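Asker: Structure in structure tokens, see below.
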Amino acid sequence: MEKFFKLKENNTTVRTEIIAGLTTFMTMAYIIALNPNLLTGFGANGQEIWNGVFLATCIASAIGTLFMGFVANKPFAMAPGMGLNSFFAVVVSNIVAITGLTYLQSFRAALCIILIEGIVFIILSVLNVREKIVDAIPLGVRLGIGPAIGMMLMNIGLGSNAGVYNSEGNAFYVMKDFFGSLTAKYASETMGTAYPEMVLTVVTMFFGLFLIIFLDHKKIKGAVLCGMLGASVLFWAGEAIFLGRNPFASLASASFIPPFGDLAATTLFSFDFKGFIEIGWVTATTLIVTFCIIDMFDTIGTLVGTASRAGMLDKDGKMPNMKQALLADAVGTVTGSLTGTSTVTTFVESASGVEAGGRTGLTSVVTGIMFLLCIFIAPIAGIIPAAATSSALIYVGFLMLNNLKQIDFSDPSQYIPVAIMLIAMPISSSIGHGIGLALIVYSFIKLATGKGKEVSWLTYALSVLFIVKFFYVG
């Protein structure tokens, strides 16, 4: 194991890597249930494929992550990308409207788009085209990706990840609805039955955050994982005492038998190329290009930003084995299409495992094994409260801001694009969109200051591509 993963060379141990892998898994375990919910409209559109998408999520995430660990030897985990899965669901609904096919048939037609995207990425990765695209991102922008991802993680932790629903099904979120309220009375009246759980969520979130900070200050190994577990225990106790419900009630009726039959009957190797052709070549090509752009820059941003925080970049801001890491992303996407889920990409939550000390592919192997186990123990993973994972995401987000000190704030072509990314990523919830805006701003500043010759043609080409994407593809 030492020889294969080069643990000593990367200043880590087996114990540290295992803790890091578990930490990464816990912060992204929500995707196991959320992805099939999003791709089926929470059961409203394609209830018959829910089980198939659930297993596809576990299998594709595991294979992509294991490939990342064994081939690239990097501590990054993969799963169906958030944002991309919602977009995929919209595409499926549009195919239903355009062709008159059923939701299942349209789903299978849309999987053809993901398959083609993955194959394109494998070719581009083998030919080193994606590496050249990474190199075309200016050093200042590359250095700013990490802090921008940190802002995005904090936004996820304090925003969409930490939300509750009242008895009427209305969603409320910490930053917008709890801290945005003038008084507790006003919040209580607005949220109704969701208010007690919101209070518990906020208390749990900050308890976990301060616990992680304390444990890390004491140099406790696995501080992030221990903080999440401590926060989980607090939340479960609060559920039982103050909300009057059993936090483990879902386990009593949960099935631990994998629905492999449903996978085979609905989504496994189930491409509908006839339905894909009915979409129309112009629309299909536009969709493929859109998925490629979003996935490519989301992955590049996550790899560069997280690797920067882990000290994995060289003096030129490049990450060793980038080609293998990008190839793992492509393999994950193809696997996702074969099993029945949307684009698989490198998860930004990998930063939590890196912060826990993960430095090699052993971290990814542990995370990948956990995804495989979730085929059998998904109900157990499902009881991890969102408030506990929010604690970890917020803490890691804080730490990733540290890279801002590497930015040259005397150079407008560096700090202005970075400032744009710091705002754009959390607002758009897209790493790719943040990088795209930064590239456009960087190119414009260089041209406006008479330094346009310092910019490579590929950087200009990427900037134009993003302008077309923003205004035409949408």
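Asker: Within the stretch 38-61, is even one residue surrounded by fewer than 23 Cβ atoms within 10 Å (Cβ to Cβ), free of Cβ contacts under 8 Å to residues at least 12 places away in the same chain, in contact with a helix residue (DSSP H, G or I) (Cβ under 7 Å, 6 or more places away or on another chain) and of a type outside the set (Ser, Thr, Tyr)?
Answerer: Checking the stretch 38-61: at least one residue is surrounded by fewer than 23 Cβ atoms within 10 Å (Cβ to Cβ), free of Cβ contacts under 8 Å to residues at least 12 places away in the same chain, in contact with a helix residue (DSSP H, G or I) (Cβ under 7 Å, 6 or more places away or on another chain) and of a type outside the set (Ser, Thr, Tyr).
Asker: Leu127 is checked against (1) closer than 29 Å to Ile31 by Cα; (2) free of Cβ contacts under 8 Å to residues at least 12 places away in the same chain and fails just one. What number does that condition carry?
Answerer: (1)
Asker: Take the residues of the stretch 383-419 that are of a type in the set (D, E, K, R) and touching a residue at least 24 places away in the same chain (Cβ under 8 Å): which is nearest to Leu153 (Cα to Cα)?
Answerer: Here the answer is Asp408.
Asker: Sticking with this one: Being in contact with a Phe, Trp or Tyr (Cβ under 7 Å, 6 or more places away or on another chain) and in a loop (DSSP other than H, G, I, E, B) is the filter here; which residues of the stretch 313-343 pass it?
Answerer: Matches in the stretch 313-343: Ser342, Thr343.
Asker: Looking at the stretch 207-218, which of the residues that are under 28 Å from the mean Cα position of the chain (by Cα) and surrounded by fewer than 16 Cβ atoms within 10 Å (Cβ to Cβ) is modelled with the lowest pLDDT?
Answerer: His217
Asker: If you take the residues of the stretch 22-72 that are more than 16 Å from Gly382 (Cβ to Cβ) and among the aromatic types (Phe, Trp, Tyr), which of them is farthest from the chain's Cα centre (by Cα)?
Answerer: Here the answer is Phe70.
Asker: In a helix (DSSP H, G or I) and in contact (Cβ under 8 Å) with a residue 60 or more places away in the chain: is that true of Thr285 in this structure?
Answerer: No; evaluated as a whole, the condition is false for this residue.
Asker: While we're on this one: Among Thr193, Thr183, Thr204, which is at pLDDT 90 or above and polar (S, T, N, Q)?
Answerer: Result of the check over Thr193, Thr183, Thr204: Thr204.
Asker: Considering only the stretch 228-282, state which residues are among the charged types (D, E, K, R), at pLDDT below 95, farther than 19 Å from Ala378 by Cα and in a helix (DSSP H, G or I).
Answerer: Result: Lys274, Glu278.
Asker: Go over the candidates Val331, Val282, Val344, Val304 one by one and state the one that is more than 22 Å from Leu439 (Cα to Cα) and under 16 Å from the mean Cα position of the chain (by Cα).
Answerer: Just a single option satisfies the conditions, and that option is Val344.
Asker: Is one or more of the residues making up the stretch 171-179 out of contact with any helix residue (DSSP H, G or I) (no Cβ under 7 Å at 6 or more places or on another chain), within 23 Å of Met421 (Cα to Cα) and of a type in the set (Lys, Arg)?
Answerer: yes
Asker: Only one of (1) more than 24 Å from Ala381 (Cβ to Cβ); (2) surrounded by 20 or more Cβ atoms within 10 Å (Cβ to Cβ); (3) of a type outside the set (A, V, I, L, M); (4) in contact (Cβ under 8 Å) with a residue 60 or more places away in the chain fails for Asp298. Which number is that?
Answerer: Only one criterion is unmet by Asp298, namely (1).
Asker: Name the residue that is surrounded by the fewest Cβ atoms within 10 Å (Cβ to Cβ), counting only residues in the stretch 160-196 that are among the aromatic types (Phe, Trp, Tyr) and not in a loop (DSSP other than H, G, I, E, B).
Answerer: Here the residue is Tyr186.
Asker: Failed condition for Leu101, given (1) farther than 30 Å from Ser390 by Cβ; (2) assigned to a helix (DSSP H, G or I); (3) aliphatic (A, V, I, L, M); (4) touching a residue at least 60 places away in the same chain (Cβ under 8 Å), with all others met?
Answerer: Here Leu101 clears every test but (2).
Asker: Of all helices (runs of 4 or more DSSP H) completely enclosed by the stretch 1-95, which ones contain at least 1 residues that are touching a strand residue (DSSP E or B) at 6+ places or on another chain (Cβ under 9 Å) and farther than 24 Å from Gly301 by Cα?
Answerer: 31-39, 50-67
Asker: Could you please let me know if Ile380 is assigned to a helix (DSSP H, G or I) and in contact (Cβ under 8 Å) with a residue 12 or more places away in the chain?
Answerer: Against the criterion (assigned to a helix (DSSP H, G or I) and in contact (Cβ under 8 Å) with a residue 12 or more places away in the chain), Ile380 qualifies.
Asker: Given the structure, is Gly118 touching a helix residue (DSSP H, G or I) at 6+ places or on another chain (Cβ under 9 Å), modelled with pLDDT of 85 or more and under 24 Å from Gly432 (Cβ atoms)?
Answerer: For Gly118, the condition - touching a helix residue (DSSP H, G or I) at 6+ places or on another chain (Cβ under 9 Å), modelled with pLDDT of 85 or more and under 24 Å from Gly432 (Cβ atoms) - is met.
The values are calculated or read from the model by the stated rules, or taken from the named source; none is laboratory data. Computed from a predicted model, the values in this text were never measured in an experiment. Cβ sites come from the backbone with ideal geometry, for glycine too, and all protein chains shown count toward neighbours.
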